[in-house]
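For reference, the structure discussed in these notes is given below.
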Amino acid sequence: MHTPEAPHCVRHFGQILLWPLRLMPVRGGEGRHAKPWEILSAMGDASPWREVVDEYTGDACNFHERHYNEFVTFLPYVQRFLYGEGHAKGGGQVHGSPMRVFRRHDVSAVRVVLRPGAEPITLSVVHVDLYFFLDLDLVLLNVEVAGDNLPLTHAQELLYRFGRGYPSGWDAQGQAQHCLHQAEWLGAQGQVLAQSDAGQPDLFMSHVARHRAPRIAAHWDWLLQPLVSDHSDHVGALRYRQIEYYRMPLLGYLAVDEPQMLSRSDFVRLGLVTGAGSADGEAALPFANDHLQDFEERYCYDRFWTAGGAAPHTRYLCTGHSLVVVGDANSQFFTCRDRGVLAQFRHQHFLLFLIAHFQKAALLMFSDRLAETLRNLNISDPGSVRTFKRSIRSSFAGFLRFTHRYWFHEISEQAQTRALFAKCAQHLGLDPLYSEVKERIADMNNYLEADSLRRQANTVVRLTVVTILGLIGTITTGFLGMNLLAEADAPMSRKVLVFAVVFVVTIALTVYTMAKSKRLSDFLDVLSEERVGAWTKLKAFAAIWARDRDRD
């Protein structure tokens, strides 16, 4: 256990991980249209996940002031997205939130080893949640952990190493790089529920060689079950794929003594989540000075970085990938879980961070869909073409629903929340990404409309050709019909026979004309051209019955 007297001690440490994953369509005909949370609920005791009845839909006695402060932070359309529309006057439900949350309660702590030979660190697990969204094949894994009295270097390393879906590589000794040396999920009695396997490089390399996709580390794979990786051999109705980088977006909360005494290097390492410095150069910057010249301007929100106020010397560090708040552990307002900065961190800050990363993940999902749709297209297969058209139209309709239900430029009128969300959106590049995906989907949809108009035009041309040629026969038989065949007094059987013959011949001529309608259309175009000679028109007429090679 680390003593509070250690230099730069983090009195209270909190870390929230948020991992967006793409859900794959349910395989098989049965349950094809089932929503993912309905499938998860139907598993019953076979699944550790249970839907959360939150403070807004449950018993009013569980609704506290921090929940009220969270609610009023956001604008009305964001409130409807996050909380739904509550209950009608008669007590009936009107509209629930399009966001569904599931939680597992069997994981109470996580024991981690930062580096080989280091002492284990045990953090309490506040909660483990899954966030689902209506009309979007997305799920967000949310893990919140907390600890007390950690050296600042350990807090920096936890921020840097904990939230990684799999190792990025191994050193010469076979030790995993940039991730935890070991991680174990612990139950309520301290029993090990699952542990990491980052030290087995053969498992990860063989999986990539076989599936052309990364292998999720064992402890994360276990935590997500019964959701299974789409590239694994596990059987499961709910399957997911990685949609972003393997480093999970994170929020960090650090309550320290005298935060103004932290060095610029400490803040840079916390803000950019680079890990702790080496033992011989701990105060050194992780990158070149020129690269960090505008660090404070780009990544720091210093409205409360002052000696006055309810929470003096509070600094927010936002890079898009991370949102870290550092403040004074001796400030009651900074550490208050009901009204202070800690409450804001776990509620308002978490939700604005969730919205930003949810929007990015949704846009990347639409982009992946388009790429897969084009990759699966086989223009020589009519079935593939029909599937392609349905997929594009479905993506276009889904993008419209996403735009009108989930796309927000502003989420709050409170200065702090608005500024932090703007920083997240700017660093994540949400607006350029939205414009790019919108343009791609619009191009695809315009192609389908143009193709539909082309087909309609070709049909009109063919029908026009048939009509023109049928007009010749209609006028001729109409003009001569009274005297050409005097069958009015013929027996009924003969008239029926004549009718049948004419009917069959007419159908045959119509079908043949339709089959040759493209060539007949070309002939009519040449025939209508006054500058073309008679010989050219005659060749165009002969080309109606020519073979394709002769026509070329």
Legend entry - Failed item, numbered, when Ile379 is tested on (1) in contact with a Phe, Trp or Tyr (Cβ under 9 Å, 6 or more places away or on another chain); (2) in contact (Cβ under 8 Å) with a residue 12 or more places away in the chain; (3) over 29 Å from Leu158 (Cβ atoms): (2)
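Table: residues versus (1) modelled with pLDDT of 70 or more; (2) surrounded by fewer than 14 Cβ atoms within 10 Å (Cβ to Cβ).
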residue: Phe408; (1), (2): yes, no
residue: Gln426; (1), (2): yes, no
residue: Ser452; (1), (2): yes, yes
residue: Val460; (1), (2): no, yes
residue: Val465; (1), (2): no, no
residue: Ile475; (1), (2): no, yes
residue: Leu480; (1), (2): no, yes
residue: Met492; (1), (2): yes, yes
Legend entry - Every pair of residues 6+ apart whose Cβ atoms lie under 6 Å, when the first sits in the range 426-441 and is farther than 13 Å from Gln359 by Cβ while the second is assigned to a helix (DSSP H, G or I): Arg440/Leu370; Ile441/Ser395; Ile441/Phe396; Ile441/Phe399
Legend entry - Residues within the range 274-300 that are crowded, with 19+ Cβ neighbours inside 10 Å and under 21 Å from Ala329 (Cβ atoms), tallied: 1
Inset, instruction - Go through the residues of the range 202-223 one by one and say whether even a single one is among the β-branched types (Val, Ile, Thr), more than 24 Å from Phe358 (Cα to Cα) and touching a residue at least 40 places away in the same chain (Cβ under 8 Å). - result: no
Legend entry - Residues within the range 526-535 that are modelled with pLDDT of 70 or more and surrounded by 12 or more Cβ atoms within 10 Å (Cβ to Cβ), tallied: 1
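Every residue, every condition in (1) at pLDDT 95 or above; (2) surrounded by 20 or more Cβ atoms within 10 Å (Cβ to Cβ); (3) among the polar types (S, T, N, Q), yes or no:
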position	(1), (2), (3)
Arg315	yes, yes, no
His321	yes, no, no
Gly327	yes, yes, no
Asn330	no, no, yes
Cys336	no, no, no
His357	yes, yes, no
Lys360	yes, yes, no
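Per-residue answers, yes or no, for (1) in contact with a strand residue (DSSP E or B) (Cβ under 7 Å, 6 or more places away or on another chain); (2) under 29 Å from Lys360 (Cβ atoms); (3) surrounded by 20 or more Cβ atoms within 10 Å (Cβ to Cβ):
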position: Gly187; (1), (2), (3): yes, no, no
position: Gln195; (1), (2), (3): yes, no, no
position: Ala198; (1), (2), (3): yes, yes, yes
position: Pro201; (1), (2), (3): yes, no, no
position: Val208; (1), (2), (3): no, yes, no
position: His211; (1), (2), (3): no, yes, no
position: Ala218; (1), (2), (3): yes, yes, no
position: Trp222; (1), (2), (3): yes, yes, no
position: Glu244; (1), (2), (3): yes, yes, no
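Give the residues of the range 494-516 that are among the aliphatic types (A, V, I, L, M) and surrounded by 12 or more Cβ atoms within 10 Å (Cβ to Cβ), sorted by residue number. Before you say what the answer is, go through the steps one by one.
Our first condition is that a residue be among the aliphatic types (A, V, I, L, M); within the range 494-516, this holds for 496-498, 500-502, 504-505, 507-509, 511, 514-515.
Hits for the range 494-516 are Leu497, Val498, Val502, Leu509, Met514.
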Inset, instruction - Can you run down the residue pairs with Cβ atoms below 9 Å, 6 or more apart or on separate chains, where the first is in the range 490-513 and in contact (Cβ under 8 Å) with a residue 24 or more places away in the chain and over 22 Å from Thr464 (Cα atoms) and the partner is polar (S, T, N, Q) and part of a helix (DSSP H, G or I)? - result: none
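Going by the structure shown, is Ser108 among the polar types (S, T, N, Q), surrounded by fewer than 20 Cβ atoms within 10 Å (Cβ to Cβ) and touching a helix residue (DSSP H, G or I) at 6+ places or on another chain (Cβ under 9 Å)?
Details: among the polar types (S, T, N, Q): yes; surrounded by fewer than 20 Cβ atoms within 10 Å (Cβ to Cβ): yes; touching a helix residue (DSSP H, G or I) at 6+ places or on another chain (Cβ under 9 Å): no.
In short, no.
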Legend entry - Residue within the range 273-285 that is in contact with a strand residue (DSSP E or B) (Cβ under 8 Å, 6 or more places away or on another chain) and either of a type outside the set (Asp, Glu) or at pLDDT 95 or above (or both) present: yes
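For every residue, the table says whether it meets (1) over 27 Å from Leu430 (Cα atoms); (2) in contact (Cβ under 8 Å) with a residue 12 or more places away in the chain.
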| residue | (1), (2) |
| --- | --- |
| Pro259 | yes, yes |
| Ser263 | yes, yes |
| Phe267 | no, yes |
| Glu297 | no, no |
| Arg315 | no, yes |
| Val325 | no, yes |
| Phe345 | no, yes |
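Among the residues of the range 429-444, are any of a type in the set (A, V, I, L, M), at pLDDT 75 or above and out of contact with any helix residue (DSSP H, G or I) (no Cβ under 6 Å at 6 or more places or on another chain)?
Of all residues in the range 429-444, those of a type in the set (A, V, I, L, M) come to 430, 433, 437, 441-442, 444.
If we keep only those that are at pLDDT 75 or above as well, we get 430, 433, 437, 441-442, 444.
Still in the running and out of contact with any helix residue (DSSP H, G or I) (no Cβ under 6 Å at 6 or more places or on another chain): 442.
Looking through the range 429-444, at least one residue is of a type in the set (A, V, I, L, M), at pLDDT 75 or above and out of contact with any helix residue (DSSP H, G or I) (no Cβ under 6 Å at 6 or more places or on another chain).
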Inset, instruction - Collect the residues in the range 338-355 that are aromatic (Phe, Trp, Tyr) and either over 19 Å from Leu250 (Cα atoms) or surrounded by 20 or more Cβ atoms within 10 Å (Cβ to Cβ) (or both), keeping them in residue-number order. - result: Phe345, Phe353
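Working only within the range 227-236, note down all residues that are in contact with a strand residue (DSSP E or B) (Cβ under 9 Å, 6 or more places away or on another chain) and either assigned to a loop (DSSP other than H, G, I, E, B) or touching a residue at least 40 places away in the same chain (Cβ under 8 Å) (or both). Spell out the reasoning first.
Taking the range 227-236 and keeping what is in contact with a strand residue (DSSP E or B) (Cβ under 9 Å, 6 or more places away or on another chain), we get 227-232, 234-236.
Answer for the range 227-236, where residues must be in contact with a strand residue (DSSP E or B) (Cβ under 9 Å, 6 or more places away or on another chain) and either assigned to a loop (DSSP other than H, G, I, E, B) or touching a residue at least 40 places away in the same chain (Cβ under 8 Å) (or both): Leu227, Asp230, His231, Ser232, His234, Val235, Gly236.
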Inset, instruction - Determine if the range 372-392 includes at least one residue that is at pLDDT 85 or above, closer than 30 Å to Leu75 by Cα and either surrounded by fewer than 19 Cβ atoms within 10 Å (Cβ to Cβ) or touching a Leu at 6+ places or on another chain (Cβ under 8 Å) (or both). - result: no
Legend entry - Test result for Ser229, crowded, with 19+ Cβ neighbours inside 10 Å and in contact with a His (Cβ under 7 Å, 6 or more places away or on another chain): no
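The values are calculated or read from the model by the stated rules, or taken from the named source; none is laboratory data. Treat the numbers as computed from the prediction; the structure is a model and nothing was measured. Note that we place each Cβ from the backbone using ideal geometry, even for glycine, and neighbour counts take in every protein chain shown.
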